[in-house]
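Encoded as structure tokens, the structure appears first; notes follow it.
The values are calculated or read from the model by the stated rules, or taken from the named source; none is laboratory data. Quick caveat: nothing in here was measured; it's all calculated off a predicted structure. With ideal geometry, Cβ positions are generated from the backbone for all residues, glycine too; neighbour counts draw on all protein chains shown.
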Amino acid sequence: MRGSAHAVLGAAAGFIVAQKVGANPEDVLFLTGAGVVSGLIPDLDTGGKLANRISVSNKYLNAAVRLIGILLGCYAYFFASGMDEYISFIGAFILLFVLPQFSKKFMLLLSGVVIAVAGYVLMTIWIQLIGVYVMAASLLAHRSYTHSLLGLAFYGVISYHFAADFPINGLFTACVFGYISHLIADMRFIPGNKKRH
Ligand SMILES: [Zn+2]
């Protein structure tokens, strides 16, 4: 399934959770956004076997890495200070402008390292865990662990720590449901899934 379709499904998952918890308008936006990001994350792995589609996947992966770079930059700007802010901005710069030049797999591995180091510097456990998640994804086959219950469980742990940092009702559920929406949409019985992912 295409990235755009996953984004829409993730948004729907986040939006439904927001309605269920009776979120205010800003939180609806935040929860929907969390659903979108969560709905895209399982495809942060490499598709080495699918060489003929690398250009398309690469475009999507580049966009995902840049998005994380932007998020890291925002985090540095709004939450970090002093040395942490400085290092986070360098990390964001690498994710935005340096990594997209390299090969896909190496780029992904290095992105994971940059994110993990940034998380360590910021002393934020969920950023460190995302780094580990991405590193593992870069080393394993496409649609293996990120598209499994193990990947879901790992993302659940990340979401738990993420939700603990942002006191928004339903955030954990929105993240997990966004992720689940991706796994369901990628299942074989959905038409068109043999060609796309
Ligand atoms: Zn997928």
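The residues listed here are SER181, SER111; of these, the one that is of a type in the set (Ser, Thr, Tyr), out of contact with any Ser or Thr (no Cβ under 6 Å at 6 or more places or on another chain), assigned by TED's automatic domain parsing to the domain that holds VAL37 and surrounded by 20 or more Cβ atoms within 10 Å (Cβ to Cβ) is SER181. Count of region 151-163 residues, restricted to those that are free of Cβ contacts under 8 Å to residues at least 40 places away in the same chain and either of a type in the set (Val, Ile, Thr) or within 15 Å of the ligand (Cβ to nearest atom) (or both), is 3. Note on region 145-176: residues that are surrounded by 21 or more Cβ atoms within 10 Å (Cβ to Cβ) and of a type in the set (Phe, Trp, Tyr) amount to 2. Given the condition surrounded by 14 or more Cβ atoms within 10 Å (Cβ to Cβ) and either in the same structural domain as VAL21 (by TED's automatic domain parsing) or within 26 Å of GLU85 (Cα to Cα) (or both), answer yes or no: does some residue in region 187-195 qualify? Among the residues of region 187-195, not one is surrounded by 14 or more Cβ atoms within 10 Å (Cβ to Cβ) and either in the same structural domain as VAL21 (by TED's automatic domain parsing) or within 26 Å of GLU85 (Cα to Cα) (or both), which makes the answer no.
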